[in-house]
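Enquirer: My questions will all concern the structure given below.
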Amino acid sequence: MRLFVALNLPPPVREALWSATSPLRELGLPVNWVRGDGIHLTLKFLGEVADDREAEITAALERAAAGARTLPLALGGFGVFPDFGRPRVVWAGIAPEPGLEILQHRVEQEFAPLGFPTEARPFRPHVTLGRAKRDARPRDFAGLESALAQLEFAQTGVVSALDLMQSTLQSGGAVYHVRHSERLP
């Protein structure tokens, strides 16, 4: 099964972000857009994991969440990774939040001993809105930068759970399912 650790935004925030970004989806860009109900903040991608490891992964999730509190995530601003010359990921930003940084670090610490290496890049909290299709060329993204600059969105969503998510790839895009959830009091 394909797994990752995430914070799921409250439905009203997801729906508002989906609505605010509809002009992007109407541009006809070569992007596989994340479905509205799948908008989340990934803290750690685990990849393909054998079913028999679920208990140890769930225990690591529980340890990572221990002592953490609910988190206000302030969303706003849009951009791409790595840059507009060759965009691969279209994202919505999340303002720095010390509690989020600590939680993400704890996730890294708890999963590293299980064979999931720590991320080499610095943590840049964001919500992935879409990924460029494999055959997309840089010139196919003309107008993306100005379209992102015109979007307006600023909302804060309070997340109260750390989730172990399963991703199932389908023809219409990935479908996400919560396998286990640890409450953040």
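Enquirer: Given the C-alpha centroids of segment 141-166 and segment 85-106, what is the distance between them in whole angstrom?
Expert: Cα centres, segment 141-166 to segment 85-106: 10 Å.
Enquirer: Give me the net charge for the shell around F84: Cβ to Cβ below 14 angstrom, other residues only, Lys and Arg +1, Asp and Glu -1.
Expert: With Lys, Arg at +1 and Asp, Glu at -1, the net is +1.
Enquirer: Run the simple label-point estimate for S146 and E26 please: 7 Å along Cα→C-beta, distance reported in nm.
Expert: Between S146 and E26, the simple spin-label model gives 1.6 nm.
Enquirer: Then there's this: Ranking D83, D163 by Cβ neighbours within 10 Å, fewest first, what do you get? Could you put the intermediate results ahead of the total?
Expert: On the way: D83 11, D163 22.
Lowest count first: D83, D163.
Enquirer: Length gain on complete extension for the stretch T168 to T70, per 0.36 nm per residue less the alpha carbon to alpha carbon distance?
Expert: On the way: separation 98, 0.36 × 98 = 35.28 nm, distance 2.76 nm.
Roughly 32.5 nm would be gained on extension.
Enquirer: What percent do you get for the relative contact order of segment 2-183 when only Cα pairs under 8 Å and 6+ apart count?
Expert: Normalised by residue count, the contact order of segment 2-183 is 35 percent.
Enquirer: Next question, about the same structure. What's the exposure ranking of H40, H177, going from fewest to most Cβ atoms within 10 Å? Spell out each step's value before the answer.
Expert: Details: H40 20, H177 12.
Lowest count first: H177, H40.
Enquirer: When Lys and Arg each count +1 and Asp and Glu each count -1, what net charge do the other residues less than 9 Å away from A66, Cβ to Cβ, add up to? Working shown, then result.
Expert: Working: positive: R63, R106; negative: E62, E182.
In short, 0.
Enquirer: Report the extension gain between R88 and T58 in nm, rounded to one decimal, defined as 0.36 nm multiplied by the number of residues separating them, less their alpha carbon distance. Don't jump to the answer; show the numbers that get you there.
Expert: Working: separation 30, 0.36 × 30 = 10.80 nm, distance 3.09 nm.
That works out to 7.7 nm of additional length.
Enquirer: Here's something else I'd like to know. Label segment 132-185 by shape, choosing from rounded, prolate and oblate, from the square roots a ≥ b ≥ c of the eigenvalues of the Cα gyration tensor; if a/c is under 1.5 it is rounded, and otherwise prolate applies when a/b is larger than b/c, oblate when it is not. Mind dumping the intermediate values first?
Expert: Values: a/c = 4.41, a/b = 1.48, b/c = 2.98.
The shape class here is oblate.
Since every read-out is calculated from the coordinates, none of them should be taken as a lab result. All figures in this text were calculated on a predicted structure; none of them were measured in a lab. Ideal geometry is used to build each Cβ from the backbone, glycine not excepted, and the neighbour counts take in all protein chains shown.
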